[in-house]
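The next block holds one structure in the form of structure tokens; read it before the comments.
The values are calculated or read from the model by the stated rules, or taken from the named source; none is laboratory data. Remember, it's a predicted structure, so these values are computed and weren't measured experimentally. Ideal geometry is used to build each Cβ from the backbone, glycine not excepted, and the neighbour counts take in all protein chains shown. These accessible areas exclude ligands, DNA and RNA; they are computed on the full protein's heavy atoms, side chains included. Shrake-Rupley method; radii C 1.70, N 1.55, O 1.52, S 1.80 Å.
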Amino acid sequence: MILDGKKVRNELLEYYENKIKEENIKITLAIIYVGSDEPSKIYINNKIKYCEKVGIKTLLYEMDEKTKEKEVIDLIEKLNDAPDITGIILQSPVPKQIDFAKVSGMINPLKDIDGFTKDNLYKLMHNEDGLFPCTSKGIIKLLKYYNIKIASKDVCVIGRGDIVGKPLIFELLNNNATVSICHSQTKNLKKYTKNADIIISAVGHPKLITSDMIKDDAILIDVGISVIEGKIVGDIDFGGVKDKCLYITPNPGGVGPMTIAMIIENLVKAYEMQK
């Protein structure tokens, strides 16, 4: 069965559009874009498109490739203090002279829509309420939408990145899963994937997961993105595994739309927390 992220996203967007309209909620998202990374422009346009769709105002602050770190910090501090700004996103990647972790960590935790500040990650780690990273949060939301049990399941996460892998560990533990973390230094990846009830791959390695690496009726979540001959492909060999697994996300169309939906959800939550 296909786990349709677009379908779930559209239902969530409809819910939040109605909520924003009915409760006359005024939300503004500030997006800081430093440099000229082309994929970032696509991601930003997508965020703006869906924010406007549900009635959220967006402000885009574009800064050139040579912008100094202090200039970005000064802007963040200004936006932190602005009462009309609900949420702030520093688009990644940033130019090399800017320390992304340091600078994004200066966003007010109550306005931290990406969920990357130490305060919010601490809350995630300790299963407290906060604003959490959107992709890992979206994966959990997608599994729950399809009534897929997480508790007591053996879950193999492939990838230990700060944006997906690490936050996902705590999302899964908070939902009582047993979690194995695999990465570039893992020996015999198949040993872990073959025994997993749920496999979540987020490394950007085309067709890393093949049919011989999964057990029957496994659940497969594909987060990785690679571009081959102009087409987006994931970490999972979709055609090779789709008849063996129980559930699988398409790529594109699975996790990506859920990330967008969680940005909207975090913005509404940030508004309510600030109130």
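Brief remarks on what is shown
- Qualifying residues in the stretch 117-140 (those that are among the hydrophobic types (A, V, I, L, M, F, W, C), in a helix (DSSP H, G or I) and in contact (Cβ under 8 Å) with a residue 40 or more places away in the chain) - the one surrounded by the fewest Cβ atoms within 10 Å (Cβ to Cβ): M125
- Residue that is under 25 Å from I260 (Cβ atoms), in contact with an Asp or Glu (Cβ under 7 Å, 6 or more places away or on another chain) and among the small types (G, A, S), where the choices are S92, S136: S136
- Qualifying residue in the stretch 52-67 (condition: open to solvent by 30 Å² or more (accessible area, probe 1.4 Å), in a loop (DSSP other than H, G, I, E, B) and touching a helix residue (DSSP H, G or I) at 6+ places or on another chain (Cβ under 7 Å)): yes
- Candidate set: the stretch 80-104, residues that are charged (D, E, K, R) and in a loop (DSSP other than H, G, I, E, B); chosen: the one surrounded by the fewest Cβ atoms within 10 Å (Cβ to Cβ): K96
- So I73, is it in contact (Cβ under 8 Å) with a residue 24 or more places away in the chain, part of a helix (DSSP H, G or I) and farther than 19 Å from T28 by Cβ: yes
- Candidate set from the stretch 1-45 (those that are among the polar types (S, T, N, Q) and modelled with pLDDT under 95); member that is surrounded by the fewest Cβ atoms within 10 Å (Cβ to Cβ): S36
- Put simply, of A202, A196 the only residue that is open to solvent by 30 Å² or more (accessible area, probe 1.4 Å) and touching a strand residue (DSSP E or B) at 6+ places or on another chain (Cβ under 8 Å) is A202.
- When the stretch 162-174 is filtered for residues that are closer than 15 Å to I150 by Cβ and either among the aliphatic types (A, V, I, L, M) or open to solvent by 30 Å² or more (accessible area, probe 1.4 Å) (or both), the ones remaining, listed by number, are L168, I169, F170, L172, L173, N174.
- Selection of the stretch 196-238 for residues being touching a Leu at 6+ places or on another chain (Cβ under 6 Å) and without any contact (Cβ under 8 Å) to a residue 40 or more places away in the chain yields D217, I236.
- Against the criterion of being open to solvent by 40 Å² or more (accessible area, probe 1.4 Å), basic (K, R) and in a helix (DSSP H, G or I), K190 qualifies.
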